[in-house]
Every structure is written in structure tokens, then in C-alpha cells.
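Trainee: The structure that follows is given in the form of C-alpha cells.
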Amino acid sequence: MGTRVYRAVGGVSLSVRPGECLGVIGESGSGKSVTALSVMGLVASPPGVITGGAVRFEGEDLIGAPYETLRRRRGDRVAYIFQDPLATLHPLYRIGDQLAEAIRAHHSISAGEARERAIRLLNDVRIPNAGARIDDYPHKLSGGMRQRVSIAMALANEPDVIIADEPTTALDVTVQAQILALLDDLRRDRGLAIIFITHDFGVVAQLCDRIAVMYAGRIVEEGPTAAVLEAPAHPYTRRLIDCVPELGQGKRRLEAIPGLPPMVDALPEGCAFAPRCTKAVPDCARGDIALERTGTRAVRCLMPEESA
Amino acid sequence: MGGYIAKRLISAIPVLLGITIIVFLIMSLIPGDPATAILGSYATPENVEKLNRDLGLDKPMVQRYFIWLGNMLTGDFGRSFSLNRPVLDEIVERFGATLVLAGTSFVLCSLLGILAGVVSAARQYGAADKLITLVVLIGISVPSFFLGMMMILLFAVELRWLPVSGMYAIYGGGDLPDLLRHLIMPALALAAVATGVIARLSRAAMLEVLRQDYIRTARAKGVRESRVIWGHALRAAMVSIIPVLGIQAGFVLSGAVYIEIVFQWPGVGRMLVDAILKRDLLLVQGGVVFVAACYVFFNIAVDVAQAMLDPRIKT
Ligand code: SF4
């Protein structure tokens with residue numbers, strides 16, 4: 001068996017404030033999910049290992065923290081919402097029991113109390129007839145309802161941060177809009193910080209205050225959503241935006257970016273985007289390129305796009 | 001659920017009928033006839049013919065089948081000529097002993113197998129996993145009767161810790177400790193292979209489940225790892241482990257025949273072997289049908305357990 005460690009994610013640094021929504025955007029395989037999972041030590045191991053870095057939650061470093069410390073934070077202070085709501089709920093437990101378990105993992109309350117709280121949570125995420133729904137199994141619910149249950153589960157202990165990994169990707173457009181509206185309300189009402197991981201610029205534009213664009217396991221651009229959308233500085237961001245018809249400033253270029261993101265085991269030296277970049281210069285493939293910060297924005301590129 | 005059970009019971013009827021036909025055919029077609037077996041090879045043809053008539057063996061095969069089947073449906077399995085007592089009485093008595101042996105083995109292999117599988121999967125590629133995998137491989141590879149004989153040699157003959165064979169001591173036995181002392185070796189020998197099979201499949205089922213998103217969800221909720229493994233994961237894995245248990249129950253039941261012979265256990269397996277040698281047709285047929293019916297009903301119970309565990313199964 002080989003023991004090589006492939007770098008899926010490296011040098012990623014993200015921060016989020018209470019009540020803020022940070023969008024992390026990138027193609028599949030860009031390392032956004034791995035980043036999100038590593039925050040709470042949820043990267044599957046084997047094969048995953050975290051070789052360095054820090055996750056600071058209210059000043060406390062969570063990477064390398066003992067298992068019990070992590071477990072206590074998981075779901076209590078930092079909660080997750082995952083992509084496919086059918087796969088993320090346990091098929092053999094009633095949703096009420098799954099919700100109650102989330103609460104009782106962190107608070108010693110009676111089963112009856114937990115059940116009442118679970119019903120309130122289902123009401124909070126606007127599931128009609130929560131008192132009856134609570135005894136259903138996940139396969140009895142629609143995709144949108146299941147995702148609401150997942151959100152309710154994430155809210156169970158009133159966390160400070162919710163990490164949502166493509167929470168609307170598996171849903172159809174109307175349901176997607178409802179879920180986004182729900183998340184938006186929740187963060188405004190409760191001062192929740194949301195890290196929203198997606199490949200969809202449309203979703204980011206609706207919900208997020210700030211965005212971070214990831215490519216091949218690194219952040220290539222970061223800044224306030226409106227500013228980045230209006231004047232993307234990194235060629236990759238620019239191309240991503242052009243792919244979205246409503247955002248593409250009338251150009252309606254639907255074709256994807258030619259080429260594929262590099263495999264994690266075959267990262268080129270220098271800028272990982274160079275093979276697909278139209279503006280690449282020889283220097284791009286030489287040595288590391290730093291994430292250059294100016295004001296609220298940051299970009300990792302030698303030839304940033306002209307700001308409009 | 002009641003309707004589901006009724007449906008499964010009804011669907012068992014053709015299976016049971018098929019079993020009676022097969023058993024009857026095999027016993028009618030094997031060489032050697034009971035009259036000769038009873039009277040010895042020096043019997044006169046007249047005596048053989050008379051005995052055949054008394055046993056009802058002069059009638060056509062189809063007619064004999066239906067007489068036998070009809071009688072069984074009224075609870076009359078016929079009379080064993082070699083033992084000179086009703087077949088059903090003998091079966092029930094012997095089956096009790098088999099049930100003690102096979103039942104103990106089954107509980108042992110289920111518990112040990114699942115335990116080993118879960119621990120292996122939870123520590124994939126760890127030291128415990130490797131050790132369990134090795135032991136399981138050995139367990140699967142050694143035939144149970146050979147294992148039984150080796151155990152007798154070691155624990156009964158050499159070390160004299162345990163009795164060589166039988167179910168109770170001939171003098172002064174008969175209580176529970178005595179039974180347990182006699183039971184340990186045959187039960188372990190019988191359970192060995194099934195334990196290995198169950199451990200292997202449980203490990204695979206657990207590994208599959210541990211990859212699922214809902215396990216990640218449970219961890220993300222902050223559920224304790226022990227609960228994630230023994231609760232969330234094992235519960236989901238049981239959906240694929242339970243059918244394996246059903247199949248292994250069949251192997252344990254059939255494997256009991258060898259073990260009963262090796263350990264002189266007075267069960268239905270040894271009874272059948274004796275009955276076959278004596279051409280005691282009714283006893284063999286009755287015994288096989290009885291054991292097969294038990295297996296069929298056990299499997300229905302397994303399916304029902306499965307349906308109760310998994311709400312997605314339409315009942
Ligand atoms: S650093 Fe060079 S190759 Fe990379 S995006 Fe900028 S211009 Fe293109």
C-alpha cells in the first residue's frame with residue numbers, strides 16, 4: 001500500500017463573523033468540501049489526514065484538539081448541513097428521534113422534553129404539521145422536507161456557525177429558493193454565521209455577504225460578493241461568472257471552462273489554473289503565487305483582471 | 001405486519017409440499033428395502049412380502065405418498081419400526097437435544113461474529129482488525145468435525161477438563177452445569193465456521209455503512225463514536241447481516257449432524273443417520289420434513305425481523 005499523502009487542500013484560510021454568510025465557491029474537486037469537513041475533524045480517516053493548520057473557534061484551536069473536545073463542539077457550536085438530504089438522514093430512525101438525539105448529545109434533558117424541542121424545531125423550519133411529521137421515517141418525506149429536517153437538526157443546539165455543504169444542489173429550483181430564504185431568515189434572526197459551500201454563483205449572489213473562490217485546493221480570490229461579481233479580479237472567477245447566464249453581463253456564455261481542474265496528485269507548479277488560463281505568462285508556472293490583499297479583497301494572480 | 005406474516009406463512013406451503021415430495025422420492029429410490037433390513041438377508045421371500053404388505057409398501061408410490069402426507073397433516077407421522085414407537089415422539093425428543101446444541105451454536109456465532117465484524121470494521125487495518133481477520137480465516141478453513149475431534153483430543157483426552165461425549169453424564173448427571181460441560185465443545189465446534197462467515201460479512205456490511213453520509217451526519221451532530229458504531233452503523237448494517245444469519249442458521253442445523261456424531265450427541269442428526277442405515281423410512285422422512293419445516297419457519301421469522309427493523313420494506 002502506498003503511503004503518499006496527496007494534498008487535497010492547502011493554505012486555505014477562511015474566517016466568518018457572527019451573522020455573516022461566507023460563500024465558498026469552486027468546481028467539484030476543488031477541495032471546498034474537504035475544507036469544510038476538516039473544520040470539525042470530520043475528514044474520513046483513513047484515508048484523510050490533516051497535516052497542519054488551525055481552526056480557531058472563539059480563540060480555541062480545534063485542529064489537534066482531543067476527540068472529546070471536538071465531539072462536544074460538533075453540532076453544538078458548529079453544525080453542518082450536507083448535500084443529499086436522503087443520504088444524510090439515517091434511514092432506519094424516525095426523524096423525531098434523529099432530532100432528539102442531536103439535542104441529547106449535548107444536553108441532558110428527558111426524552112419528552114427533547115421531543116417537544118424537536119417539534120418546535122420542525123416548526124421553526126416551517127414544516128407543516130410538525131407534530132405528526134416527527135414520527136415519520138425520512139423516506140416518507142420529500143427532498144425539500146428532508147433538507148428542512150437537516151436544517152432543523154443543525155439548529156438543534158443553537159450553534160454559532162453553520163457549515164452548509166451544497167445544501168440545495170439536490171433540490172429542484174422552487175424548493176431551492178425556499179431553503180435559501182429559510183437560511184437567510186435564520187441567520188438574520190439568530191445572528192448565525194453561515195459558511196455556504198457551493199459551485200453555483202447564483203446561490204452565492206442571493207445569500208452571501210462575502211465569497212471565497214477555491215481552485216485546486218487553494219483560495220484564489222476573496223472579497224465582498226457584490227464587488228467580486230461586478231469586477232472579478234482572478235481570471236478563473238471571471239470565467240466562472242461568465243458561465244452563469246443571469247450574471248454574465250448579457251454575454252450569456254453557457255459553455256463551461258475548457259479543460260479540467262488538475263488532479264490533486266498532479267498539481268502543476270506555480271498557478272494551478274495556468275493550463276486553462278488565457279492570460280498565463282511564463283512566470284505563472286514558476287513558484288508559488290501569494291494571495292495578495294488590498295482592502296477587503298484578495299487575489300492570487302500575477303495578471304489580475306483590470307477593475308472596471 | 002400481521003398481514004405480512006400471514007402472507008409469508010401462506011407462501012411457505014408450496015415450499016413445504018415440495019420438501020415432502022423430494023424427501024419421499026429420495027427415500028423411495030434409494031436401494032435396499034426395509035423388510036430385508038428388518039428381517040435380515042436370510043429371510044424367505046414370503047416373509048419379506050408379508051412384511052412389505054404390513055408396512056404398506058406394496059401399494060403404488062403415488063398412493064403411498066398421499067397416505068403419508070394425509071397422515072402427517074393429522075399429526076400422525078407413522079410408527080418407527082426400528083424403535084417401535086411413534087415417529088413424532090422420537091423426533092420431538094431428539095429435536096430437543098439438537099435445539100439445545102444448534103441453538104447455543106447459533107447464538108454464539110451470531111454474537112461473536114457480529115462483535116468481531118464490528119470491531120474489525122471500526123478499526124479497519126488496525127491490529128485488532130488484522131488479528132480478527134486471521135482468526136476468522138482459520139475458523140472458516142477448518143472443517144467442524146475435525147475441529148471437534150481435535151478439541152476432544154486436547155480438552156477431554158489430554159487435559160481431562162471436559163467430558164468426551166454425550167449430553168449428560170451417565171451417573172449422577174442431568175443438571176444444568178453437567179449439560180453445559182457437555183455442551184461447550186460441540187457448540188463451539190459447530191459455531192466456528194458460521195462465526196467466521198458472519199464476522200466477514202458483518203465487517204463488510206459495517207464498512208459499507210460507515211461510508212454513508214448519515215454516519216457523517218451522526219458524527220457532525222456530536223454523537224459519541226461508540227454510539228455511532230454500535231447504534232447508527234450497526235443498526236443499518238443489521239439490515240444486511242440478518243439475512244446472513246438466516247442462511248447460517250441453516251448451515252448450523254445441517255452441520256449439527258456431523259457434530260452430533262463426533263460428540264455422540266443424542267440429537268435428530270444422529271437419529272437420522274441411524275434411521276437411514278436401518279432403512280427406517282418413516283422416521284427418516286418424518287425427521288427430514290420436521291427439520292426442514294423448522295428451517296422454513298425460522299427463515300420467515302428472519303424476514304419478519306428484517307421487516308420490523310427496516311421501515312422501507314413494504315409489508
Ligand atoms: S497567475 Fe497567471 S495563470 Fe494563474 S490565473 Fe493569473 S494569469 Fe492566469
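Just so you know, all these numbers are worked out from the coordinates, no wet-lab data involved. These numbers come from a predicted model, not from an experiment. Cβ atoms come from the backbone with ideal geometry, glycine included; neighbour counts cover every protein chain shown.
Trainee: From the backbone phi of region B:193-199, what are the Karplus-calculated ³J(HN,Hα) couplings (6.51 cos²θ - 1.76 cosθ + 1.60, θ = phi - 60°) in whole Hz, Gly and Pro given as x?
Mentor: 5, 4, 4, x, 4, 5, 4
Trainee: Across bins of 10 angstrom width beginning at 0, how are the C-alpha pair distances of the protein assembly as shown distributed, in whole percent?
Mentor: 3, 13, 18, 17, 14, 11, 9, 7, 5, 2, 1, 0
Trainee: Suppose R0 equals 22 Å. What FRET efficiency, 1/(1 + (r/R0)^6) with r the Cβ-Cβ distance, do A:Gln178 and A:Ala132 give to the nearest 0.05? The partial results should precede the final answer.
Mentor: On the way: r = 20 Å, r/R0 = 0.93.
Using R0 = 22 Å, I get an efficiency of 0.60.
Trainee: Something else about it: With r as the distance between the Cβ atoms of B:Leu111 and B:Arg181 and R0 = 22 Å, compute the FRET efficiency 1/(1 + (r/R0)^6) and round to 0.05. Provide the component values of the computation, followed by the final result.
Mentor: Values: r = 21 Å, r/R0 = 0.94.
The value I calculate is 0.60.
Trainee: Using a Förster distance of 60 angstrom, determine the FRET efficiency expected from the C-beta separation of B:Asn84 and B:Leu159, and round it to 0.05.
Mentor: Values: r = 41 Å, r/R0 = 0.69.
The computed FRET efficiency comes out at 0.90.
Trainee: Still on this model: Per residue of chain B, what 222 nm ellipticity follows from adding -39500 (n - 2.57) for every DSSP H run with n ≥ 4, rounded to the nearest 500? Don't jump to the answer; show the numbers that get you there.
Mentor: Working: 12 runs with 229 residues, N = 315.
It comes out at -25000 deg cm²/dmol, rounded to the nearest 500.
Trainee: What is the extension gain from B:Ile67 to B:Ile30, computed as 0.36 nm multiplied by their sequence separation minus the C-alpha to C-alpha distance, in nm to one decimal? Intermediate results must be reported in sequence, preceding the final value.
Mentor: On the way: separation 37, 0.36 × 37 = 13.32 nm, distance 1.99 nm.
The span from B:Ile67 to B:Ile30 would gain 11.3 nm if fully extended.
Trainee: Where does each of A:Tyr236, B:Tyr214, A:Tyr67 land when they are ranked from fewest to most other beta-carbon atoms within 10 angstrom?
Mentor: A:Tyr67, B:Tyr214, A:Tyr236
Trainee: Something else now. Can you tell me how much longer the chain between A:Arg293 and A:His107 gets when fully stretched, taken as 0.36 nm per residue apart minus their C-alpha distance, in nm with one decimal?
Mentor: Values: separation 186, 0.36 × 186 = 66.96 nm, distance 4.24 nm.
That works out to 62.7 nm of additional length.
Trainee: State, as an integer percentage, the relative contact order of chain B based on alpha-carbon contacts under 8 Å between residues 6 or more apart.
Mentor: On the way: 340 pairs, mean separation 88.5, N = 315.
Taking the mean separation of contacting Cα pairs over the length of chain B, I get 28 percent.
Trainee: Fewest Cβ neighbours within 10 Å first, please rank B:Tyr4, B:Tyr42 accordingly.
Mentor: Details: B:Tyr4 16, B:Tyr42 7.
Starting with the residue having the fewest Cβ neighbours, the order is B:Tyr42, B:Tyr4.
Trainee: List every residue whose amide H lies under 5 Å from the amide H of A:Ile163, counting only residues 5 or more places away in sequence or on a different chain, with H placed 1.01 Å from N in the peptide plane.
Mentor: A:Ala79, A:Tyr80, A:Ile81, A:Ile195
Trainee: Right, here's the next one. Decide, for chain B, between rounded, prolate and oblate: order the square roots of the alpha carbon gyration tensor eigenvalues as a ≥ b ≥ c, take rounded if a/c falls under 1.5, and otherwise choose prolate if a/b is larger than b/c, else oblate. Don't skip to the end; give the middle numbers.
Mentor: Numbers: a/c = 2.94, a/b = 1.64, b/c = 1.79.
Since a/c reaches 1.5 but b/c is at least a/b, the shape of chain B is classed as oblate.
Trainee: Would you work out the charge dipole size for the protein assembly as shown about its Cα centre, treating the Cβ of every Lys and Arg as +1 and the Cβ of every Asp and Glu as -1, and quote it to the nearest 20 debye?
Mentor: On the way: 63 positive and 59 negative charges, 46 e Å.
Computed about the Cα centre, the dipole is about 220 debye.
Trainee: Let me ask something additional. Using the Karplus curve 6.51 cos²θ - 1.76 cosθ + 1.60 with θ = phi - 60°, what ³J(HN,Hα) values do you get for each residue of region A:134-141, in whole Hz, with x for Gly and Pro?
Mentor: With coefficients 6.51, -1.76 and 1.60, one gets 4, 9, 7, 8, x, 5, 7, 9 Hz.
Trainee: While we're here: Calculate how steeply helix B:281-309 sits against the longest principal axis of the alpha-carbon atoms of chain B, using the helix alpha-carbon long axis, and give the answer as 0 to 90 degrees to the nearest 10.
Mentor: 20 degrees
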